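Undergrad: Let me begin by handing over the structure; questions about it come next.
Just so it is clear, none of the values below were taken in a lab; they were calculated from the coordinates. This structure is a prediction, so every number in the text was calculated from the model and none was measured.
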Amino acid sequence: MSKKYLRKSEFRIDLNPAHRGSNGENHPAYITARKGHKYKANTITHARNVEGVETLDVGENPNKLSNDKRRSRVSPPFWQGEKSFSEEKLPNFRFSKQSKKKIRKYNKKFK
């Protein structure tokens, strides 16, 4: 039996214009899976709702070099082509094991 997708745990910039913030900047995205040339990702944001769906509060800021003390949230998962993400990974971004577990559980609601 083969896997449906390859599990990932990395951060890249989401370049999709439809996913930009209110200030017009691109959000970082947490990529959780890859299938072919598509990635399954959650956008990291501070908004409570994205397209009418409540976001998940993960609490910690995944950017370890940032001084931003606001609580971070992740959007519902979405599949998007790999060209809609930056080529290079974001090296200073990390979630704790507890946050990763919360995100995995949250993503299961959207299957």
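Undergrad: Using Cα pairs closer than 8 Å and at least 6 residues apart in sequence, work out the relative contact order for the chain, in percent.
TA: Reported as a whole number, the value is 26 percent.
Undergrad: For HIS46 and LEU15 in the same chain, what is the full-extension length gain: residue separation times 0.36 nm, less their Cα-Cα distance, in nm?
TA: 9.4 nm
Undergrad: Rounding to the nearest 10 and keeping the result within 0 to 90°, find how far the Cα-based axis of helix 97-108 lies from the longest principal axis of the chain.
TA: Here the helix axis deviates by roughly 60 degrees.
Undergrad: Sticking with this structure for a sec: Based on the inverse mean of 1/r over its pairs of different Cα atoms, what is the Kirkwood hydrodynamic radius of the chain, in Å?
TA: Roughly 14.3 Å, rounded to one decimal.
Undergrad: Follow-up question, since we're still on this one. Suppose the chain between ASN67 and LYS97 were pulled fully straight at 0.36 nm per residue; how much longer would it get relative to their current alpha carbon spacing?
TA: Here the answer is 8.7 nm.
Undergrad: Straight-line reach only, C-alpha to C-alpha below 16 angstrom: list the aspartates and glutamates that LYS69 could link to, leaving out same-chain residues fewer than 8 apart.
TA: ASP57, GLU60
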